[in-house]
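To keep things clear, I will list the structure first and then write my remarks on it.
The values are calculated or read from the model by the stated rules, or taken from the named source; none is laboratory data. Source: prediction; values computed, not measured. Here the Cβ positions follow ideal geometry from the backbone for every residue, glycine too, while neighbour counts run over all protein chains shown.
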Amino acid sequence: MNFDLTEEQQILVDSVAKFVKNDSPVERFRKLRESERGWDPSTWAQMGEMGWLGVPFPEEHGGFGGRFVDLALILEQLGRGLVPEPLIPSVVLAGGLLSRLGTEAQREAFLLPMIEGRTSLALAYAERQSRYDLADCRTTAKRSGAGFVLDGHKTWVLNGHAADQIVVVARSAGGPRDAQGLSLFVVDGNAKGVERVRVPGMDGQRTALVRLRGAEVGADRLLGPEGGALPHLEWAIDRGAAAACAEGQGAVQELFERTVAYLKQRVQFGVPIGSFQALQHKASDMYAETELCKSSMYLAAIQADTDDDEERKAEISAAKLQLTRGGWFVQANAIQLFGGIGVTDEQDEGLFFKRLRVLQALFGDADWHADRFQSLNRFTTAD
């Protein structure tokens with residue numbers, strides 16, 4: 001498969017890389033992690049002006065008609081600077097569902113402002129007991145007059161603390177783990193009956209616990225078919241996993257390059273430690289795993305747009321596995337080769353290490369994706 005970038009894609013990558021270098025280096029993230037929001041609305045608006053937030057959406061929805069792989073290229077570069085603005089929750093998760101399922105009025109009201117960088121979004125789907133089972137939902141949506149009343153708790157909602165609108169998964173019919181009966185609702189972040197508890201993450205970014213206590217929404221806030229949300233939710237979470245792989249690839253690449261540079265600079269016994277054969281072998285293995293992460297990420301990003309559900313799931317699970325196992329090899333050896341200072345807060349490498357650990361667990365960990373990949377019967381045996 002040809003992974004060469006087109007001229008337009010290369011221009012996009014260069015522009016994002018320039019932004020990270022000049023406007024959003026790791027030092028900016030260090031400052032923002034001390035703030036309540038954890039990201040900068042003015043930078044978000046700048047991303048909207050540059051068109052990055054609209055890349056994967058059709059032109060008729062206010063976007064630029066790009067493919068998911070174009071967004072992945074942006075995320076890869078942003079990962080190299082630990083840029084904390086909420087592209088995955090806003091653009092990939094909630095934005096993707098609004099584009100896929102929303103009416104024209106819903107897209108006009110909720111999607112377009114986000115594309116322009118005026119608002120941000122979140123998707124509240126996980127619950128304390130559900131882990132990676134998307135059908136395990138105890139949040140309820142009961143009809144009341146012309147609308148619905150939502151009750152329940154959602155955990156680890158990415159950007160849930162700051163989102164203007166939250167797409168909430170709630171059960172409008174059926175039992176707690178039934179495949180049928182899940183519905184999606186667009187809820188204002190500051191609506192009556194919505195309580196948000198900001199939670200600082202180990203990576204310095206923010207998530208939220210969202211509690212719904214009699215939150216009322218009109219029928220016009222129902223997103224997509226009532227009771228038929230599960231396949232669309234699976235689609236969105238798969239794209240979230242592919243996006244995590246893209247951002248993670250940027251972090252892995254950055255760690256590898258920083259480690260090689262350090263091996264060339266650190267002097268021991270009068271020579272750079274990079275001249276030691278054992279460390280050269282270690283760096284070579286890190287390079288191989290970095291390249292495997294990159295190729296699997298690109299293939300997953302390409303397949304994120306496919307209509308073949310099985311193909312999409314298989315390639316995204318394979319990429320998530322490589323990010324977790326191969327990425328772990330790179331990040332663990334980077335820390336070791338930097339020595340004890342590698343895990344200190346003063347050293348940037350420790351920040352990349354923590355962000356990667358979060359990305360590796362988001363939207364399914366290695367064990368979950370290994371089980372799914374195997375269940376898809378991707379292995380063949382000779383007769």
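Points worth noting:
- Residue match in the stretch 252-273 (condition: farther than 23 Å from residue 291 by Cα and at pLDDT 95 or above): no
Here is a yes/no grid of residues against (1) assigned to a helix (DSSP H, G or I); (2) touching a residue at least 60 places away in the same chain (Cβ under 8 Å); (3) buried (at least 24 other Cβ atoms within 10 Å of the Cβ):
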| site | (1), (2), (3) |
| --- | --- |
| 5 | no, yes, no |
| 15 | yes, no, no |
| 34 | no, no, no |
| 37 | no, yes, no |
| 42 | yes, no, no |
| 72 | yes, yes, yes |
| 105 | yes, yes, no |
| 110 | yes, yes, no |
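- Qualifying position, being out of contact with any Ser or Thr (no Cβ under 9 Å at 6 or more places or on another chain) and under 30 Å from residue 16 (Cα atoms), among 274, 270, 250: 250
- Of the residues making up the stretch 254-273, those that are among the hydrophobic types (A, V, I, L, M, F, W, C) and within 34 Å of the chain's Cα centre (by Cα) number 5.
- Filter result (touching a residue at least 60 places away in the same chain (Cβ under 8 Å), outside any strand (DSSP E or B) and surrounded by 15 or more Cβ atoms within 10 Å (Cβ to Cβ)) within the stretch 183-220: 189, 201, 203, 204, 205
- For the stretch 136-143, the count of residues that are small (Gly, Ala, Ser) and in contact with a Gly (Cβ under 8 Å, 6 or more places away or on another chain) is zero.
- Of everything listed in (1) in a loop (DSSP other than H, G, I, E, B); (2) under 18 Å from the mean Cα position of the chain (by Cα); (3) farther than 15 Å from residue 37 by Cβ; (4) not aromatic (Phe, Trp, Tyr), the single unmet condition for residue 138 is (2).
- The single residue among 311, 289 that is part of a helix (DSSP H, G or I) and surrounded by fewer than 17 Cβ atoms within 10 Å (Cβ to Cβ) turns out to be 311.
- Some residue of the stretch 83-98 being among the acidic types (Asp, Glu), surrounded by fewer than 22 Cβ atoms within 10 Å (Cβ to Cβ) and in contact (Cβ under 8 Å) with a residue 12 or more places away in the chain: no
- For the residues 180, 129, the requirement of being without any contact (Cβ under 8 Å) to a residue 12 or more places away in the chain, over 30 Å from residue 42 (Cβ atoms) and of a type outside the set (Gly, Ala, Ser) singles out 129.
- Screening residue 131 against (1) modelled with pLDDT under 95; (2) of a type in the set (D, E, K, R); (3) on the phi < 0 side of the Ramachandran plot leaves a single unmet condition, (3).
- Screening the candidates 25, 56 for the property of being over 14 Å from the mean Cα position of the chain (by Cα) and buried (at least 22 other Cβ atoms within 10 Å of the Cβ) yields one hit, 56.
- Out of 56, 89, one residue alone is in contact with a strand residue (DSSP E or B) (Cβ under 8 Å, 6 or more places away or on another chain) and either under 25 Å from residue 203 (Cβ atoms) or not in a helix (DSSP H, G or I) (or both). It is 89.
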